[in-house]
Amino acid sequence: MTKFLKRKKILLIITGGIACYKALDLIRRLQEKQVEIECILTESAKEFINPITFESLLGRSVHSNLFSLSQEKKMNHIRLAHEVDAIIVIPCTANFIAKMANGIADDLASNILLASKKIKIIAPAMNTNMWTNNAVKNNLRTLKKMNVKIFSPKKGKLACGTKGSGKLMEIEEILNNLDDIFCPKELQ
């Protein structure tokens, strides 16, 4: 049961993993909890799901372009970096983990992460061989040192047809973990 999410502001960054469609369920479930949601789709995420799908569910535009004129005038990446309670990257691909761990800021999502001092969370999802790769492990250690919270993937059947670790954490478990993050210290 989640009770501390109500009226929080969360920025979802959707990256281009096959599990990105599950972010739609997360949005719906967060909306049920009266969470205010902003959403960024990376260019690779738009290869999996059309932005209009997210916009229909959200009832507003998604963000994706760092250099759009209307957004640039408002310094949207700075506003988004400061006006939320937390940022969650779902699904977080091996590529995006590497970008975060190494401070690469080549798109709207990575710029916002660098500009924000808010709670940062990743929910990785990828092939088992990628998840267990030493480069990914090193990048995850770096992110932990940077106080990024990691919602580790689960074992199960993956999109590639193999079984192993790398499956996106179930949405219900993500919600519970998010709620725990916002639980007041005196109740922990």
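The values are calculated or read from the model by the stated rules, or taken from the named source; none is laboratory data. A quick note: this is a predicted structure, and the numbers were derived from the prediction, not measured. FYI the Cβ positions are ideal-geometry reconstructions off the backbone, even for glycines, and counts take in every protein chain you see. Please note that ligands, DNA and RNA were not included when accessible areas were found on the heavy atoms of the full protein model with its side chains. Shrake-Rupley method; radii C 1.70, N 1.55, O 1.52, S 1.80 Å.
The table that follows gives values for the structure above.
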quantity	calculated
Search result, residues across the stretch 106-127 that are open to solvent by 20 Å² or more (accessible area, probe 1.4 Å), in contact with a Gly (Cβ under 8 Å, 6 or more places away or on another chain) and not aliphatic (A, V, I, L, M)	Asn127
Ile18, sole failed condition from (1) surrounded by fewer than 18 Cβ atoms within 10 Å (Cβ to Cβ); (2) among the β-branched types (Val, Ile, Thr); (3) in contact with a Cys (Cβ under 6 Å, 6 or more places away or on another chain)	(3)
The stretch 159-181 - residue that is small (Gly, Ala, Ser) and surrounded by fewer than 16 Cβ atoms within 10 Å (Cβ to Cβ) and, of those, nearest to Glu32 (Cα to Cα)	Ala159
So Lys6, is it part of a loop (DSSP other than H, G, I, E, B), within 25 Å of Glu172 (Cα to Cα) and of a type outside the set (Ser, Thr, Tyr)	yes
Qualifying residue in the stretch 144-158 (condition: buried (at least 16 other Cβ atoms within 10 Å of the Cβ), of a type outside the set (Lys, Arg) and either farther than 17 Å from Ile88 by Cα or out of contact with any strand residue (DSSP E or B) (no Cβ under 7 Å at 6 or more places or on another chain) (or both))	yes
Flag if Lys144 is of a type in the set (Lys, Arg), without any contact (Cβ under 8 Å) to a residue 60 or more places away in the chain and touching a Ser or Thr at 6+ places or on another chain (Cβ under 9 Å)	no
Residue check, Ala98 more than 15 Å from Ile14 (Cα to Cα) and touching a residue at least 40 places away in the same chain (Cβ under 8 Å)	yes
Meets criteria (in a strand (DSSP E or B) and among the aliphatic types (A, V, I, L, M)) for Ile78	no
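Residues checked against (1) open to solvent by 30 Å² or more (accessible area, probe 1.4 Å); (2) of a type in the set (Phe, Trp, Tyr); (3) on the phi > 0 side of the Ramachandran plot; (4) assigned to a helix (DSSP H, G or I):
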position	(1), (2), (3), (4)
Ile97	no, no, no, yes
Ile104	yes, no, no, no
Lys137	yes, no, no, yes
Arg141	yes, no, no, yes
